[in-house]
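The values are calculated or read from the model by the stated rules, or taken from the named source; none is laboratory data. Predicted model only: the values in this text are computed from it and were never measured. Cβ placement follows ideal geometry from the backbone for every residue including glycine, while neighbour counts extend to all protein chains displayed.
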Amino acid sequence: MNANAKVAGLDIAKEVFVAVGLDRNGKAVFKHKMKRGEVLATFRKLQPMAIGIEACAGSHYWARELAALGHDVKLIAAQHTRAFVTGNKNDTNDAAAIAEARSRSSTKYVPINTPAQQDLQMLHRARSALMSERIAMINRIRAFAGEYGRVFAAGVAKFKVGLLAWLADPDNGLSGLALATFRELKEQLDDKEQRILTYERKLNQAAKSEVAQKLMEVPGVGPLTATAVMASVADPHHFRSGRDFAANLGLVPREHSSGGKQRLYGITGKGDSHLRTLLIHGARSALRCAGNKTDSQLRWASNLAHRRNFNVAAVGLANKMARVIWAILAHGRSYVPVWSNSMTRPA
């Protein structure tokens, strides 16, 4: 591999990896295909260089390993590399596109997760998957019960009460086989709920940290959202401002402006969908409980809900929450619910 390379793009996969290196003039000086076990040995022989990797499964691991060898590694979202692909799609062209995107100063990068962040993210994703399976199981039981003429009230709590009462009723009209099947489904549902509680206990334990406690001072931020932020943001200074952080979560309006006329639409929906969802749900909860609270952020959202509608106000509040969260992390501040001109503005 050519030692004159200053930038490299690495296309990762399960077994076959392809690296393309560019010199200072942007000319390809090497194209190298390697197996998984050869990646670190190959880059260990090279002088430190700028390396780009497309953010995907396993990318955070490889970024940490290559950074430990002295390379300047950055993760690039797939939508930022797609525009640089020339010719047909293949591993070599993908790696060249990644290298080209890495050489541009305007490219936006994805923060590299630490192992501790990966631990928290795995807890969140495992819980989220179980929540989906729990909903699917409830809907499955509802559908089966409907075939026997039984319909349960809306809501999980009412469903569980109704199901238990129905199964315990000696006159439910169910055969022995049907009754046994329903009880087995109920046991599966109980097992999922117990595992969800186990994950939530672990997340609540992680939320006892000083950073999480500061974040939970913000209305609408609970243990789940606070730990999700900790799992997503290792270095808040990766983002230039709170607006950049909100944009990274897809909470800012999508823009399609031309000819000096600005056109703004709904939120972009880009970035971490899990954290964005938690912020919006937290904003909805905070807005419903706003009442006559003097919190300036909640008052703004309440007024917006009266002028527009509840959902617009909830998303707008989630945007503001993201910006406040960034300020707390970046500047070590505490949340101030009501600003007074007599207060000393933090540096």
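Key figures for this structure:
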| read-out | value |
| --- | --- |
| Flag for Ile12 being free of Cβ contacts under 8 Å to residues at least 60 places away in the same chain and in contact with a His (Cβ under 6 Å, 6 or more places away or on another chain) | no |
| Residues located in the stretch 60-82, provided they are within 18 Å of the chain's Cα centre (by Cα) and of a type in the set (Phe, Trp, Tyr) | Tyr61 |
| Qualifying helices (runs of 4 or more DSSP H) (wholly inside the stretch 11-130; at least 3 residues being of a type in the set (Asp, Glu) and over 18 Å from Ser232 (Cβ atoms)) | 91-103 |
| Residue, nearest to the chain's Cα centre (by Cα), within the stretch 1-53, restricted to residues that are of a type in the set (Lys, Arg) and surrounded by 13 or more Cβ atoms within 10 Å (Cβ to Cβ) | Arg36 |
| Subset of the stretch 84-95 [touching a helix residue (DSSP H, G or I) at 6+ places or on another chain (Cβ under 8 Å) and surrounded by fewer than 19 Cβ atoms within 10 Å (Cβ to Cβ)] | Val85, Thr86, Gly87 |
| Candidate set from the stretch 174-198 (those that are charged (D, E, K, R) and in contact with a Lys or Arg (Cβ under 9 Å, 6 or more places away or on another chain)); member that is surrounded by the most Cβ atoms within 10 Å (Cβ to Cβ) | Lys192 |
| The stretch 145-166, residues that are in a helix (DSSP H, G or I) and either in contact with a Gly (Cβ under 6 Å, 6 or more places away or on another chain) or surrounded by 14 or more Cβ atoms within 10 Å (Cβ to Cβ) (or both) | Ala145, Phe159, Lys160, Gly162, Leu163, Trp166 |
| Pair list, Cβ under 7 Å, 6 or more apart: the stretch 216-233 residue more than 10 Å from Gln121 (Cα to Cα), other residue of a type in the set (Asp, Glu) | Pro219/Asp295 |
| The lone exception for Asp244 - which of (1) of a type in the set (D, E, K, R); (2) modelled with pLDDT of 95 or more; (3) within 25 Å of Val110 (Cα to Cα) it fails | (2) |
